[in-house]
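Read the structure below first, then the notes.
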Amino acid sequence: MKSIRLKTHEEELLRRKSIEINKVLINSNRRPMTESELLHEVITEALMRTEAGTKGRIVVL
């Protein structure tokens, strides 16, 4: 897969989380992340911790 389309509310959540994380990074004298970089990190981390729950729901541990 080469691209993913985000829903409007997902875009807003990503924007807000990006701002939150970048404030911490900047205060730690680190380079801020683009929204794309952040999303790649989140996807990688979440997929390694994702399982199917007993009721068929997806659970990120």
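Screening Glu12 against (1) of a type in the set (Asp, Glu); (2) under 23 Å from Leu61 (Cα atoms); (3) in a helix (DSSP H, G or I) leaves a single unmet condition, (2). Figure legend. Inter-residue proximity from the range 6-18: first residues loosely packed, with under 11 Cβ neighbours inside 10 Å, second residues part of a helix (DSSP H, G or I) and at pLDDT below 95, beta-carbon distance below 7 Å, spacing 6+ or different chains. No pairs are indicated. On the stretch given as the range 46-61, residues that are within 19 Å of Leu14 (Cβ to Cβ) and in a helix (DSSP H, G or I) total 2. The residue pairs whose first member lies in the range 31-45 and is farther than 14 Å from Glu11 by Cα, whose second member is in a helix (DSSP H, G or I), and whose beta carbons are closer than 6 Å, counting only pairs six or more residues apart or on different chains, are Pro32/Asn22; Pro32/Leu25; Pro32/Ile26.
Output yes when any residue across the range 28-36 is part of a helix (DSSP H, G or I), of a type outside the set (Ser, Thr, Tyr) and exposed (fewer than 12 other Cβ atoms within 10 Å of the Cβ), and no when none is. No: the range 28-36 contains no residue that is part of a helix (DSSP H, G or I), of a type outside the set (Ser, Thr, Tyr) and exposed (fewer than 12 other Cβ atoms within 10 Å of the Cβ).
The values are calculated or read from the model by the stated rules, or taken from the named source; none is laboratory data. The structure presented is a predicted model; accordingly, all values stated were derived computationally and were not measured. Because the Cβ atoms are built from the backbone with ideal geometry, glycine has one as well, and the counts that use them run over all protein chains shown.
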